[in-house]
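A quick write-up on the structure given underneath.
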Amino acid sequence: MAVPPTSPRRAVFPGTFDPVTLGHVDLVRRAAALVDELIVAPAAHHDKQHVFTLDERVALLRAAVQDLPHVRVEPLAGLLVDGAQRLGAALIVRGIRNATDLEYERQMAHTNRTLAPGIDTVLLLSSPEHAHVSSTLVRQIARLGGDVRPFVPAHVAAALHAKLTAR
């Protein structure tokens, strides 16, 4: 497969997005304002048990960002830097909620830079209103029957409810 030309204005925003939260959507909007094209890249994570399948996460993400014309959603498999190179992205965008995230993302950014020196990582701080929210927290609230609507888009809350009550 031919590798697309790398664009310094094309970025990939990877994550598991299980489920996509309002914090994720906020980061997508903010990152999209910084680049010509943003590729949101949900991936399977081998250490996690997902609520939603990869196809479901792709569909939920596409619905969440459908109003952003230069944002697309493409599933990602394998190493992030390999996927970024395949997609022609020169930037990786990651969100940071706290000091723990910062240390993890610093380590990953240095590792990715070693593996692919032409790709940089941009770290965006979460907006204060979303900094306490994680997909893990949302899944826990949903599994215990709590209201997740303050933390996720409405279509995601409905999908979570349907998925977890069908079990």
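Quick note: the coordinates plus some simple rules give every number you see, no bench work behind them. Just so it is clear, the model here is predicted, and its values are computed rather than measured. Glycine also receives a Cβ, built like all others from the backbone with ideal geometry; neighbour counts cover every protein chain displayed.
Structure notes:
- For VAL73, residues with placed amide H under 5 Å, excluding near neighbours: VAL40
- Taking a sphere under 14 Å around the Cβ of ARG10 and counting the other residues whose Cβ falls inside, with K and R at +1 and D and E at -1, yields a net charge of -1.
- Net charge contributed by nearby residues that have their C-beta within less than 14 Å of HIS110 (K/R +1, D/E -1): 0
- Between 0 and 90°, nearest 10: helix 99-115 axis offset from the chain longest Cα axis: 40
- For the chain, taking Cα atoms only, Rg and Dmax work out to 15.6, 47 Å respectively.
- Each residue of region 122-139 was assigned a 3J(HN,Hα) from its phi angle through the Karplus expression (A = 6.51, B = -1.76, C = 1.60, θ = phi - 60°), giving 10, 9, 10, 6, 4, 5, x, 6, 10, 5, 8, 9, 9, 4, 4, 4, 4, 4 Hz with x at Gly and Pro.
- Counted by Cβ distance under 15 Å from LEU61, the other residues give a net charge of -2, where Lys and Arg count +1 and Asp and Glu count -1.
- Between LEU79 and GLU129, full extension at 0.36 nm per residue minus the direct alpha carbon distance yields a gain of 14.9 nm.
- Descending principal axes extents, region 73-161, alpha-carbon based, whole Å: 45, 28, 18
- Comparing THR21, ALA84, GLN140 along the charge dipole axis of the chain, the residue lying farthest to the positive side is GLN140, per the Cβ-charge model.
- Measuring nothing but how far apart in sequence close Cα pairs (under 8 Å, 6+ apart) lie, relative to its length, the chain scores a relative contact order of 29 percent.
- Loop GluC sites (Glu not before Pro), region 75-167 (other Cβ atoms within 10 Å of the site Cβ: 13 or fewer; DSSP): GLU129
- For the chain, size of Cβ-based charge dipole, Lys and Arg +1, Asp and Glu -1, in debye: 180
- Using alpha-carbon coordinates, inclination of helix 22-32 to the longest axis of the chain, degrees: 20
- Compactness relative to 2.2 N^0.38 Å, alpha carbon Rg of region 8-57: 1.22
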